[in-house]
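No lab work stands behind these numbers, since they all come straight from the coordinates. No experiment lies behind these values; they were computed from the predicted model shown. Don't worry about glycine lacking a Cβ; one is built from the backbone with ideal geometry, like all the others, and counts go over all protein chains shown.
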Amino acid sequence: MKRPYLEVTFRKGKPLAAYLHLPRANGAKAARSDPRAHGMVVDFTADGEPFGVEITAPALVELGAPNELLHDQCA
């Protein structure tokens, strides 16, 4: 996958969960997960690269929170 995209699951018209898919090599798989603030969980490959971000409570996450999380993770 070359570009990130956000997948949101809705129930009764409200966001239930979301997953931010990050760019990664073909065949890459998540090897471990690391819970973070605001109900976010970062998935990593075996090489330690961020794979994606699970957002367990989208209604509680501020717009810039995933960007801040990824900036801190990649810095």
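Before moving on, here are some points about what is shown:
- Projecting label points 7 angstrom from Cα along Cα→Cβ for Ala28 and Arg3 puts them 1.7 nm apart.
- Hull volume per residue, based on the alpha-carbon atoms of the chain and their convex hull, is 95 Å³.
- Between Arg36 and Asp72, the contour length at 0.36 nm per residue exceeds the alpha carbon distance by 11.8 nm.
- Dividing the summed helix terms, -39500 (n - 2.57) for each DSSP H run of n ≥ 4, by the number of residues in the chain produces a 222 nm estimate of -4000 deg cm²/dmol to the nearest 500.
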